[in-house]
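One structure below.
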Amino acid sequence: MKGTLSSSPVSVYENVTKEQFLHFIHPKREPALLRGVDIGECTSKWTSEYICEKVGVVGVKVHVSSSPQMNFINKNFLYKTLPFDELVKRASTPGCAKKNHFLVPGEFYYLRSVGFDRRGRDTADIKKQFPNLAGDIRIPDFFDENCFFSSVFRIGSPGVQLWTHYDVMDNLLIQVQGRKRMALFSPSDALNMYLIGDKSQVLDIDNPDCHLYPKFILSQRYECIMEPGDIIFIPALWFHNALALDFGVAVNVFWKNLKCDLYDKNDPYGNKDLIPANRAIQMVENATKLLDTLPHDYKDFYIKRMISILETKILKSNEEGQF
Ligand SMILES: O=C(O)CCC(=O)C(=O)O
Ligand SMILES: [Fe+2]
């Protein structure tokens with residue numbers, strides 16, 4: 001059984017200034033589509049030819065999949081290294097990935113840039129990994145520079161859909177080339193998302209399987225189409241799913257909205273839960289393991305008791321407006 005889901009538009013704001021963003025948009029903790037913000041010359045300059053010429057043959061690690069819907073559950077993608085210009089040619093030229101491919105003709109590509117050393121604390125920074133392009137993009141100064149976490153270059157084939165997930169940082173996603181459909185869900189819908197870690201198991205958000213994921217259609221979906229030059233503000237913890245309608249070039253910037261010491265220092269992607277949250281989740285996991293020592297019916301009963309403790313906690317913090 002397939003279910004359908006209505007959606008609400010993401011609020012659109014034109015020609016937003018730093019002051020307007022800080023006073024009216026950021027405090028709402030809701031996604032916002034920002035139009036007409038000065039992002040520099042990249043919107044006119046960043047043609048496929050230009051970015052190929054500026055970056056050249058530098059090797060980049062990309063997701064490659066035979067399906068446009070990249071799926072983390074049965075990992076229907078591989079990581080492959082390609083020269084940057086070859087990636088751009090294959091992803092932007094219809095038919096190009098038909099001749100040269102890793103998996104199947106017409107395969108799909110997605111680049112999410114990373115820092116030089118991903119095992120360490122090195123995060124993506126376009127100024128470091130793409131210095132010849134960084135000067136063309138003006139990242140809005142809508143946050144304190146001490147809170148900057150990373151800036152990520154994203155390139156993808158038309159049709160690529162990135163699974164629904166949340167990040168723990170506030171985010172400005174700047175769409176430079178191509179259109180993209182963004183679907184978002186509030187953190188308050190977390191129980192309807194069927195999460196595994198930071199990712200939703202509901203892969204086909206347009207035709208969700210209602211037998212497997214009956215509560216998904218209860219969630220409130222927000223949606224917008226991003227045009228080149230648009231920026232979307234995605235507050236930390238908001239679930240998002242990106243569907244590229246064209247060959248896409250985007251840059252996003254993550255920053256820390258809360259006190260720096262709450263964030264995991266070893267987080268190359270900006271998706272590790274805050275230290276207290278991560279500890280709390282570990283404790284719940286340990287608590288359920290502890291119950292493994294009891295017979296099934298007792299375990300079931302005490303898990304339900306734990307759920308009722310947590311449910312009461314949700315109601316209380318909702319009343320206090322702190323949820
Ligand atoms: O635009 C995309 O392809 C995905 C964006 C995303 O997940 C992000 O900016 O956090
Ligand atoms: Fe994300």
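Filtering segment 254-270 to residues that are near ligand 1 (Cβ under 9 Å from one of its atoms) and assigned by TED's automatic domain parsing to the domain that holds Leu111 leaves only Phe254.
Screening Gly115 with (1) assigned to a strand (DSSP E or B); (2) over 20 Å from Tyr50 (Cα atoms) gives one miss only, at (1). Filtered by the rule that a residue be charged (D, E, K, R) and within 14 Å of Gly59 (Cα to Cα), segment 95-114 gives a lone residue, Arg112. Hey, does segment 215-238 have a residue that's under 17 Å from Asp198 (Cα atoms), of a type in the set (A, V, I, L, M, F, W, C) and surrounded by fewer than 19 Cβ atoms within 10 Å (Cβ to Cβ)? No: segment 215-238 contains no residue that is under 17 Å from Asp198 (Cα atoms), of a type in the set (A, V, I, L, M, F, W, C) and surrounded by fewer than 19 Cβ atoms within 10 Å (Cβ to Cβ). Restricting segment 93-124 to residues that are touching a Gly at 6+ places or on another chain (Cβ under 8 Å) and at pLDDT 90 or above, the residue that is farthest from Asn252 (Cα to Cα) is Phe108.
Taken over segment 1-50, the criterion of being more than 21 Å from the chain's Cα centre (by Cα) and among the basic types (Lys, Arg) is satisfied by Lys2, Lys18, Lys45. If you check Ile217 against the conditions, is it β-branched (Val, Ile, Thr), modelled with pLDDT of 95 or more and either within 26 Å of Ser113 (Cβ to Cβ) or part of a strand (DSSP E or B) (or both)? Taking the combined requirement at face value, the residue does not satisfy it.
The values are calculated or read from the model by the stated rules, or taken from the named source; none is laboratory data. Keep in mind it's a predicted model, so treat the numbers as computed, not measured. In this analysis, Cβ positions are derived from the backbone assuming ideal geometry, glycine residues included, and neighbour counts consider all displayed protein chains.
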